[in-house]
Amino acid sequence: MKTTAFTQFHEAFGARMVEFAGYKMPIEYVGITKEHNTVRNSVGVFDVSHMGEIWVKGPKALDFVQKVTSNDASVLTPGKIQYSCFPNGKGGIVDDLLVYYYSENKYLLVVNASNIEKDWNWLVSQNNMGVELENASDNISQLAVQGPKSIEALQSLTDIDLNDIPYYTFKVGKFAGVENVIISATGYTGAGGFELYMYNSDAEKIWKAVFEAGAKCDIQPIGLAARDTLRLEMGFCLYGNDIDDTTSAIEAGLGWITKFADHKTFIDKDLLLQQKNSPIVRRLKGFVMQEKAIPRHGYDIVNEKDEKIGVVTSGTMSPSLNVGLGMGYINAGYLKEGTEIYIKIRNKAAKAQIVSLPFYKK
C-alpha cells in the first residue's frame, strides 16, 4: 500500500487505518458520528492526498479540456473551478472531476484516487491535439479543512483574505510560510472550507501549522468514513457507487454539468443530447427511510407489489438527521417527490419516500 506524507500523524492520533484506492488511509479516529458532527459544527481536517492531479498545458489546452469533459470550460477565468465529468464514448462516465483554470493555456484536473491510472490512460488516448499532459499525483499532497470555523482556524497562516475566495474559486500564494500553495474553496462535505494543495516536501510543515493555528477552534483530524456520510447528506455522487462507466450524466442528475452549447464539441455529445430529449427510463434519486432501517449499497428497491424498480447505490444512517437515507437508480413512474418505495433489507421491505436533494439543508 502507498502511504501519504501525513501517515505518521494519522497513526500518532490513533486512527484506524485501512486500504483505500491503493493507499493506507485513516477511516476513523474517535468515531464516525463525532467526527461528522465536528465538521458540520466546527472544523475538521481530512487527508485527501490520494486524489489525483493532472496538468493540461499548451496552446490547445482549452480545446482538449472541452473535448474530454462534459461541462463548458470556456466560461472559466483564472482562479475559477468547475465540476465536470469525462464521458467514456459509450454514454457512461470515466470519472467525475474538478477543472481548475490555473492560467492561460494551463489547467489542473483533480480526479478520484481509484481512477488515476484509468483517467491518465484515457486522457493520453484522447490527446490528438499535442497538449502537454503531466500526472503530478505522486508529487502533491492535499488537505481538506472543512467546516464553518475553517476561516477562523486558517486565516492567521496566510495574508490572503480567505473571505475573498468564493465557493469554487482558488488562489495561489504563501500559506504557513510555504510558497505556491493552492487554497481552494471546495470540498466534499457541504460544510464550507478549503482544500490545500502542496508539494509533499512541504506537507509536514503545513499539517503542524494547521493544527497549531486551529487549536483555538478545537480542530480535529477526520477520517474517510465521515467524509462519506457528509457527502451523502449533501447528495454528492461517489464514483464507483452512484456513477460509473455504465451510468450517464443525464440519468445521474448531472445534466447541469453537461453543456450542449453550439461552440462546444465533446465526447458523447450527440448520444447524451439524444438521451436528454428521450423519455426517462431511470434516474438517480434520493430517499429517506420511513421506518427504522439503514439502506446499503446494492440493496434492491421495490414497489408495493414487491416488484424490483431499482437499486440502492449509496446509503447510511445520517448523523445530522438521525434517519436512514440513501440514493439509488429508480425506474420511471416512481420518481416524483413523496412517492413511497421500499428497500429490501434481509428479505424485509422497509418503507421509504422519494425526497429532493440535498438531504441536509443548512
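Could you list, in sequence order, all residues of segment 115-148 that are of a type in the set (Gly, Ala, Ser), in contact (Cβ under 8 Å) with a residue 12 or more places away in the chain and over 27 Å from Asp218 (Cα atoms)?
Hits for segment 115-148 are Gly130, Ala136, Ser137.
So, in segment 87-136, exactly how many residues are in a strand (DSSP E or B) and not charged (D, E, K, R)?
Residues that pass the stated criteria total 17.
Within segment 59-86, track down each residue that is closer than 26 Å to Ser141 by Cβ and not in a helix (DSSP H, G or I).
Thr69, Leu76, Pro78, Gly79, Lys80, Ile81, Gln82, Tyr83, Ser84, Cys85, Phe86
Got a sec? Which of Ala226, Ala185, Ala252, Ala209 is in contact with an Asp or Glu (Cβ under 6 Å, 6 or more places away or on another chain) and either at pLDDT below 95 or crowded, with 16+ Cβ neighbours inside 10 Å (or both)?
Ala226
Could you list all residues from segment 191-230 that are among the small types (Gly, Ala, Ser), in contact with a strand residue (DSSP E or B) (Cβ under 9 Å, 6 or more places away or on another chain) and over 17 Å from Ala5 (Cα atoms)?
Listed by number, the residues that qualify are Ala191, Gly192, Gly193, Gly214, Ala225, Ala226.
Filter segment 149-181 for residues that are under 21 Å from Asn112 (Cβ atoms) and in contact (Cβ under 8 Å) with a residue 60 or more places away in the chain; which is surrounded by the most Cβ atoms within 10 Å (Cβ to Cβ)?
Here the answer is Phe170.
What is the residue count in segment 270-292 for residues that are free of Cβ contacts under 8 Å to residues at least 60 places away in the same chain and over 20 Å from Arg231 (Cα atoms)?
11
Suppose the filter is under 29 Å from Leu273 (Cα atoms) and touching a Ser or Thr at 6+ places or on another chain (Cβ under 7 Å); does Ser70 pass it?
Here the answer is yes, as Ser70 does meet what is asked.
Mind checking which pairs have a first residue in segment 75-101 that is more than 21 Å from Asp270 (Cα to Cα) and a second that is charged (D, E, K, R), Cβ under 7 Å, 6 or more apart or different chains?
From residues that are more than 21 Å from Asp270 (Cα to Cα), the pairs are Gly79/Lys171; Tyr101/Lys80.
Can you confirm whether Asp300 is on the phi < 0 side of the Ramachandran plot, under 17 Å from the mean Cα position of the chain (by Cα) and not assigned by TED's automatic domain parsing to the domain that holds Ile27?
Considered against the rule, which asks whether it is on the phi < 0 side of the Ramachandran plot, under 17 Å from the mean Cα position of the chain (by Cα) and not assigned by TED's automatic domain parsing to the domain that holds Ile27, Asp300 comes out as no.
Against the definition (touching a Ser or Thr at 6+ places or on another chain (Cβ under 9 Å) and within 25 Å of Arg40 (Cβ to Cβ)), how does Gln220 come out, yes or no?
So Gln220 fits the description; yes.
The values are calculated or read from the model by the stated rules, or taken from the named source; none is laboratory data. Predicted, not measured: the structure shown is a model, and the values here were computed from it. Counting neighbours? That spans all protein chains shown, and the Cβs are built from the backbone with ideal geometry, glycine included.
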